[in-house]
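*Asks:* Once you've had a glance at the structure underneath, I'll fire off some questions.
The numbers here are math on the coordinates, done by the rules we state, and not lab data. On a predicted model such as this, the values are computed, not experimentally measured, just so you know. As a convention, Cβ positions derive from the backbone with ideal geometry for all residues, glycine included, and neighbour counts pool all protein chains shown.
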Amino acid sequence: MTTTFPKDFLWGGAVAANQCEGAYLEDDKGLNISDVLPGGSDRFAHIVAEIDEENYYPSHEAVDFYHHYKEDVKLMAEMGFKCFRTSISWARIFPTGEETEPNEKGLRFYDELFDACLKYGIEPVITISHYETPLYLAQKYNGWASRKLIPLFEHYCETIFKRYKSKVKYWMTFNEINNTLRLPYLAAAIDIKNNDTSWFGDAFQASHNMFVANAKAVKLCHELMPNARIGCMLSLSNVYPNTCKPEDIFETYNFRRRSLFYSDVMMRGKYPGYSLRMMEGMGVKLDIRTGELELIAKYTNDYLGFSYYRTSNFASNVEMKYNTGGSVGIDNPYLEKSDWGWAIDPIGFRYTCNELYDRYQKPIFVVENGLGTVDTIAADGSIYDLDRMKYLAKHVAALREAIADGCDILGYTWWGPFDIVSAGTGEMKKRYGFIYVDKDNDGNGTLKRRKKASFDYYKKIISTNGADL
Ligand code: BG6
């Protein structure tokens, strides 16, 4: 069994349009749901489906990738990136989501971006919807809770597949689709108007509608681009039982299945029995139309893309409100934590890769992993981000072990190779980048890019194909 990375391993980085592009109304772009999210750690508590002039909205300028992309791609090329994951902002292409004709200026931007990547041999890896449902669709239909979005999404997919088929070989449908249960507003735009919390029924229906849309996207992708691969994408940071009490073990297993049910449906093509029982227990009755289950069964994803940042602990006496560990876990005394309280667990990363590959026996793709920290600029202007380098080294070593364990892993894209806006808090202070972007939480700064120490470190990892850590 190999103990090194495959020679065509896709090293790279990942971002999302709404967290980096800015230019939120430029070239006829429409608003998307992220554009009405104010900054702040409690940003989800203040959702109103329109712009309030009193608020600061981090996505509006973000780090202005829309105008800096050439410079950023060049820097990523200097690090030796083989791929770059970003999303297409749906509302750049269809400003309300309901137009029949796409916005040519939006399409042209991504043409130019993909060309800039390809010029350096960087493969674009594209998320079709990364927390970027057009706001209009959220307001009019309550987002994915309505099946009206299925044909609109299909039209969007067909448009971008036809346009970029010679440029993009790796696609993913919905970013962290399982967050429909944890962050329903971001992932699927549920109850945007009244911020109601009794959204479980809508959230599961939204998930079903997205499963149908995912299957339709797979079908279209394979028809239009036989050489392309299309994955699904989940948030799969992991969770451990807090004790060896059998109840804790089983409830943790069940808790994990609140996430894995999403990949079970899209990778295996069928609602697993436990998911039907779970929904029944919650009083959820899905509206499933004729032919939809057959579609889901026939058009499964080619690979599983996932994010992994951390683990947390779970016990049977903890309320099981959401899905994976992250937000509701108990501290693990064996692990150190990041500045934002996320437990750092490289063995959990190896464990997760094995768990997923064992379960699906189809390629997996680590499309997000990284460390958000506060960076300190030294008097000479340098940034020595040792914690980030340590995190990177340990996680790449764990990945190498997972490959040696037999996992088929397509690539690894570090989250936020240049600093971007945090999805969870809207902060700039929570930085993931190898490249520093001069901008603060209040929106001040020159947007100037500068390399951190981790820039050369990741460059070395890539140039040695993960051999030199
Ligand atoms: C993932 C999302 O959940 O985590 C990204 O797909 C997000 O959009 C990333 O940025 C890190 O989370 P945060 O809150 O630190 O930005």
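*Asks:* Which whole-number percent gives the relative contact order of the range 265-394, counting Cα pairs below 8 Å spaced six or more residues apart?
*Replies:* This gives 25 percent for the range 265-394.
*Asks:* Mind checking which lysines have their Cα closer than 26 Å to the Cα of LYS245? Skip sequence neighbours fewer than 8 apart in that chain.
*Replies:* In chain and number order, the partners are LYS321, LYS337.
*Asks:* Okay, next question. Between GLU98 and ALA397, what is 0.36 nm times their sequence separation minus the Cα-Cα distance? Round to one decimal in nm.
*Replies:* Numbers: separation 299, 0.36 × 299 = 107.64 nm, distance 4.61 nm.
Working it through step by step, the gained length comes to 103.0 nm.
*Asks:* Given H placed on each backbone N at 1.01 Å, which residues far from TRP11 in sequence or on other chains put an amide H within less than 5 Å of it?
*Replies:* Here LYS82, CYS83, TYR412 satisfy the definition.
*Asks:* Starting from the range 7-87, pick out the trypsin sites (Lys or Arg not before Pro) whose DSSP state is loop and whose Cβ has at most 12 other Cβ atoms within 10 Å. Let's see the in-between values first.
*Replies:* Working: sites: LYS7, LYS29, ARG43, LYS70, LYS74, LYS82, ARG85; in loops: LYS7, LYS29, LYS82.
Counting only loop positions with at most 12 other Cβ atoms within 10 Å, the trypsin sites (Lys or Arg not before Pro) in the range 7-87 are LYS7.
*Asks:* Suppose each label sits 7 Å from its Cα in the direction of the beta carbon; what would the MET282-ASP405 distance come out to in nanometres?
*Replies:* 2.8 nm
*Asks:* When MET79, MET279, MET172 are ordered from fewest to most other Cβ atoms inside 10 Å of their Cβ, what list results? Don't skip to the answer; put the middle values down first.
*Replies:* Details: MET79 24, MET279 19, MET172 27.
Sorted ascending by nearby Cβ count, the order is MET279, MET79, MET172.
*Asks:* I would also like to ask the following. So how do ILE344, ILE296 line up by other beta-carbon neighbours within 10 Å, fewest first?
*Replies:* Details: ILE344 19, ILE296 23.
Going from least to most buried by this count: ILE344, ILE296.
*Asks:* If you don't mind, another one. Got the relative contact order for the range 10-463 handy, in percent, Cα pairs under 8 Å and 6 or more residues apart?
*Replies:* Working: 952 pairs, mean separation 78.0, N = 454.
Rounded, it is 17 percent for the range 10-463.
*Asks:* What translational D, rounded to a whole number of µm²/s, comes out for the range 10-463 from Stokes-Einstein when the hydrodynamic radius is the Kirkwood one over Cα pairs, at 20 °C and 1.002 mPa s? Please report the intermediate quantities before stating the final value.
*Replies:* Working: Rh = 22.0 Å.
Once the numbers are plugged in, D ends up at 97 µm²/s.
*Asks:* Another question, then. Just for the range 10-463, what percent of DSSP beta bridges are antiparallel, to the closest 5?
*Replies:* Numbers: 7 of 43 bridges.
Around 15 percent antiparallel, to the nearest 5.
*Asks:* Excluding residues fewer than 8 places away in the same chain, name every one of the lysines whose C-alpha is closer than 20 Å to that of LYS105.
*Replies:* Straight-line reach from LYS105, under 20 Å: LYS29, LYS70, LYS162, LYS165, LYS167.
*Asks:* With the crude spin-label approximation of a point 7 Å out along Cα→Cβ, what separation in nm comes out for ASP331 versus ASP28?
*Replies:* 5.4 nm
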